[in-house]
Amino acid sequence: MGDILKLVGQRLGLGLVILLVISIIIFFMVELLPGDIAQAVLGQGATEENLAALRKEMGLDKPAFVRYFGWLGNAIFLDFGNSVVTGEKVSTVIGARFANTLFLACYAAVIAVPVAIVLGILVALLRNSIFDRVANVLTLTSISSPEFFLGYILILYFAVKWGMFPAIASLSEGMSFGELLNRTFLPALTLVLVVVAHMMRMTRAAIINLLASPYIEMARLKGVPPLKVIVRHALPNAWAPIINVVALNLAYLITGVVLVEVVFVYPGIGQALVDAVSKRDFPVVQACCLIFAATFILLNLAADVGAILTNPRLRHPK
Amino acid sequence: MNKKKEVLLEIKNLRIEGYSDEKWVDIIKGVDLTLHRGEVMGLIGESGAGKSTIGAGAMGYARDGTRISEGSSIEFDGMELTTATESEKRALRGARIAYVAQSAAASFNPAHKIIDQHTEAPLQYRLQKRMEAQEDAMDLYERLRLPHPQEIGFRYPHQVSGGQLQRAMTAMAMSCRPDLIIFDEPTTALDVTTQIEVLAAIRDIVDQFNTAALYITHDLAVVAQMADTIKVLLKGEEVEEASTEEMLKNPREDYTKSLWAVRSFESPQRQRPKDGVPLISLQNIDASYSSGPKILDDVSFDVYEGMTVSVVGESGSGKSTAARVITGLLPPSKGEVLFKGTPFTHDYRDRPKDELRQCQMIYQSADTSLNPKVKISEIIGRPAQFYSGLKGADLKARVDELLDLIELEPSQYYNRYPSELSGGQKQRIGIARALAAEPTFIICDEVTSALDQLVAEGILRLLDRLQNELNLAYMFITHDLATVRSISDEVVVMQQGKVVEQGAKDDMFKPPHHPYTDLLLSSVPEMDPNWLTTLLEERGVENLGDAAAAKIAEK
């Protein structure tokens, strides 16, 4: 077990270094954006004195690297500064929204991951059958359609024609959990359709890849039935690639939801990011990017650890 | 031998087709086979003879990409397998017909404990409860003389040695007390010293339970120990069948005789020059991978110009590591490699071209050491270009000359890809690639062990001719003592990273020896069908394989 802890520790350290590098990139990319923030905030009519005063207030007169370290030091404690548009703390602006995005991602993941893996196992079992081909075509169709298109199709049928679910996923105070699930069902379903194909196809490929192994032939020659061959003998050795793809897709569920949020008017972090970019609200942009980067790194770390934990050679050293 | 003469398996006119190049071709072309209860039949032949395909066919199983043709009949204990449904056949597998695969390391599922894989079939057929099945497994482990039979099953496959795994697999095949076991080259992947313990265990257990067996192998000496009758196969057809003794004494067909007669080649032994400087000299080499344990421990030996030194020992004894040190792939942690008396640079990355060209390598598997996407002319041409700076017409002339040297017609092979060549031809390309650098010293790492005996013999003859013509020195890494006998001038015996004995070949094959050399030499199966029995009587069943090697290492 000591070895595994060491491996996890190394990965975690590496993740922190990557996050640091990304924070540098994010900060200075925003710095490179053309235009003057003070000007953008105060509008064309501002006088020179007003602009200078605002710059001083926002600390824009200090050199960039001094501001970077100040920003980074605060960001460690989840203080990303104040929004230049509303003056609120960035953490209060995006905190609730990030929680909403996380909720939607979890909702979609709870449906998508089991469905993808079970489907993957089934198509591996019935490979090259009609079922396999139909599943392939359908999932490929769903992955290649843009999310907004899928979203509108779902709205057209589920909301407009059949009236089963609301078309707009607006949230209100004090709604019940069931109500919440009902209102966010369509955006979650859109996300499920987008990510299921990738995970299912990886599960299928990882399992089929192993079917030529001598130990699979051995299992067959022991009289093990086909489904058991796949679930008991192939799947435990196929986890590493599957977990990696699952992690990538989970990350996408958090960072790639902008379009879905817009279509369903869902108050998530993606919308906040789009708003902030259009209004030049740079502290919010930086905070969003940093959160996205941390999400990616954390999920990849989790995938690495998962792959390690499913490897019997590492779990049970000689 | 008082075995009931009741027919257990009767195969008639078995034809199996394989799908290749978009059409079905016959792999097995009408083979008949009759096996009685408790009888062991050896199926022998070279690779491509269809032995394993017949073995799987006897279970009514066609591997992916093959199918059993119409008109074939496989009758197992009164049941016709060619017309049986998939679930009827599945009910036989594991329960009444069991299978022991070539590589136990690859055929045990890495994700499950050995005993859980053992009990899978008995639990599935509801023959035993889990606890009973586990106790039975431990009992079988004990009968097969596995160490710590009570707990070895609770380990994962990678935690157990190859020879032990192979015995555990035999135990697994026995789990439902089948009527028939198919042994598919069960000892081919093992060292000779380990092979014996597996052979002895298999023979014991088959005798104890009066199980019938099909024993598939390409090694005649092994089959002579195991089988009551032998069937010789060639390219999917039967050559002849007879009782083991009859077959060994009076083979009828020419092909069988040729199998018996291989390894007639023996190059005359050369002597070291009186007061010459060795071409390559390893001096007190220690080496290890990263910060791991020492793989080489104070290894010293010399290779003289134009001579062949064979390095023998089990897997893990450090033979290949010694080669990596000489070529500079693994810098030694202590000691020097001298080339004509001057030290070689430790790391190959720092070696000048002239040092690099001196040592070339030929690998075990020509399949994986030749780039499949590159033409023969380029595979051989690249080192010629790199070391000698040849270009254009000169380069082509040099490649033609090299192809001539390895006895392949240049105009025919110049533009081909490796996949269009046979195993022996690919190995010849590997030799030509080594020669292209104009080396003085070539390391041959198990170059013949992936080849059939007749093809291997051709390669050995070629290497010997090249040695005489070009005055090359060889270091031959091998675990096959027949190869040692035919080509080497000197022999170095290694065990656990140390040189235990070295000397001229003629001396090495005459006693007295270091006990480990004795163990190695006496572990090589001989054609005599009583060889194993005699050996077991001499040594005792407890003093085999790993146990015997460990005892020697302790002393």
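The values are calculated or read from the model by the stated rules, or taken from the named source; none is laboratory data. Everything numeric in this text was worked out from a predicted model, so none of it was measured. Here the Cβ positions follow ideal geometry from the backbone for every residue, glycine too, while neighbour counts run over all protein chains shown.
Summary of computed values
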read-out: Matching residues in segment B:22-44 - criterion: being free of Cβ contacts under 8 Å to residues at least 12 places away in the same chain and either part of a strand (DSSP E or B) or surrounded by 24 or more Cβ atoms within 10 Å (Cβ to Cβ) (or both); value: B:Lys23, B:Val25
read-out: Qualifying residues in segment B:346-365 (those that are in contact with a helix residue (DSSP H, G or I) (Cβ under 9 Å, 6 or more places away or on another chain) and part of a helix (DSSP H, G or I)) - the one nearest to B:Lys319 (Cα to Cα); value: B:Tyr348
read-out: Matching option when the condition is of a type in the set (S, T, N, Q), touching a residue at least 40 places away in the same chain (Cβ under 8 Å) and touching a strand residue (DSSP E or B) at 6+ places or on another chain (Cβ under 8 Å), among B:Ser52, B:Ser47; value: B:Ser52
read-out: Segment B:378-411, residues that are assigned to a helix (DSSP H, G or I) and of a type in the set (A, V, I, L, M); value: B:Ile379, B:Ile380, B:Ala384, B:Ala393, B:Leu395, B:Ala397, B:Val399, B:Leu402, B:Leu403, B:Leu405
read-out: Test: residue in segment A:135-154 that is within 17 Å of A:Ile117 (Cα to Cα), touching a Gly at 6+ places or on another chain (Cβ under 6 Å), part of a helix (DSSP H, G or I) and not hydrophobic (A, V, I, L, M, F, W, C); value: no
read-out: From A:Ala303, A:Ala276, A:Ala287, residue being part of a helix (DSSP H, G or I) and more than 17 Å from A:Thr92 (Cα to Cα); value: A:Ala303
read-out: Matching residues in segment B:466-476 - criterion: being within 14 Å of B:Arg270 (Cα to Cα) and surrounded by fewer than 19 Cβ atoms within 10 Å (Cβ to Cβ); value: B:Asn468, B:Asn471
read-out: Residue within segment A:80-88 that is at pLDDT below 85 and over 29 Å from A:Phe296 (Cβ atoms) present; value: yes
read-out: Index of the failed condition, A:Met200 passing every other in (1) closer than 25 Å to A:Ala96 by Cβ; (2) modelled with pLDDT of 90 or more; value: (1)
read-out: From the options B:Leu532, B:Leu536, B:Leu520, B:Leu544, residue that is at pLDDT 70 or above and closer than 12 Å to B:Val192 by Cα; value: B:Leu520
read-out: Wholly within segment B:93-166, helices (runs of 4 or more DSSP H) carrying at least 3 residues that are at pLDDT 90 or above, at the interface with another protein chain (Cβ under 10 Å from one of its Cβ atoms) and surrounded by fewer than 22 Cβ atoms within 10 Å (Cβ to Cβ); value: none
read-out: Answer from A:Val257, A:Val224, A:Val245 - the residue that is facing another protein chain (nearest Cβ under 8 Å) and buried (at least 19 other Cβ atoms within 10 Å of the Cβ); value: A:Val224
read-out: Residue within segment A:209-216 that is in contact with an Asp or Glu (Cβ under 9 Å, 6 or more places away or on another chain) and assigned to a helix (DSSP H, G or I) present; value: no
read-out: Residue list for segment B:340-379, filter: among the basic types (Lys, Arg) and free of Cβ contacts under 8 Å to residues at least 40 places away in the same chain; value: B:Arg349, B:Arg351, B:Lys353
read-out: Test for A:Val229: is it away from every other protein chain (no Cβ under 13 Å), part of a helix (DSSP H, G or I) and either farther than 30 Å from A:Gly81 by Cα or modelled with pLDDT of 90 or more (or both); value: no
read-out: Filter result for B:Ile216 (buried (at least 20 other Cβ atoms within 10 Å of the Cβ) and closer than 22 Å to B:Arg93 by Cα); value: yes
read-out: Subset of segment B:76-92 (residues that are facing chain A (nearest Cβ under 9 Å), surrounded by fewer than 20 Cβ atoms within 10 Å (Cβ to Cβ) and in contact with a Gly (Cβ under 8 Å, 6 or more places away or on another chain)); value: B:Lys89, B:Ala91
read-out: Subset of segment B:167-205 (residues that are buried (at least 21 other Cβ atoms within 10 Å of the Cβ), part of a helix (DSSP H, G or I) and β-branched (Val, Ile, Thr)); value: B:Thr170, B:Thr193, B:Thr194, B:Ile196, B:Val198, B:Ile202
read-out: Any hit, segment B:323-345, residues being part of a loop (DSSP other than H, G, I, E, B), buried (at least 16 other Cβ atoms within 10 Å of the Cβ) and at positive phi; value: yes
read-out: Per-region count, segment B:476-530, residues part of a loop (DSSP other than H, G, I, E, B), closer than 20 Å to B:Ser300 by Cα and among the β-branched types (Val, Ile, Thr); value: 0
read-out: Qualifying residue in segment B:62-69 (condition: touching a residue at least 40 places away in the same chain (Cβ under 8 Å) and either assigned to a helix (DSSP H, G or I) or at the interface with chain A (Cβ under 9 Å from one of its Cβ atoms) (or both)); value: no
read-out: Any hit, segment B:431-452, residues being out of contact with any Phe, Trp or Tyr (no Cβ under 6 Å at 6 or more places or on another chain), farther than 28 Å from B:Glu305 by Cβ and either of a type outside the set (A, V, I, L, M) or assigned to a helix (DSSP H, G or I) (or both); value: yes
read-out: Answer from A:Val123, A:Val110, A:Val84, A:Val115 - the residue that is out of contact with any Ser or Thr (no Cβ under 7 Å at 6 or more places or on another chain) and exposed (fewer than 13 other Cβ atoms within 10 Å of the Cβ); value: A:Val110
read-out: Per-region count, segment A:155-189, residues under 25 Å from the mean Cα position of the chain (by Cα), free of Cβ contacts under 8 Å to residues at least 40 places away in the same chain and in a loop (DSSP other than H, G, I, E, B); value: 3
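A quick yes/no check of all residues on (1) within 22 Å of A:Val277 (Cα to Cα); (2) basic (Lys, Arg); (3) part of a loop (DSSP other than H, G, I, E, B):
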residue	(1), (2), (3)
A:Met29	yes, no, no
A:Leu54	yes, no, no
A:Glu57	yes, no, no
A:Leu60	yes, no, yes
A:Arg67	yes, yes, no
A:Gly73	no, no, no
A:Leu78	yes, no, yes
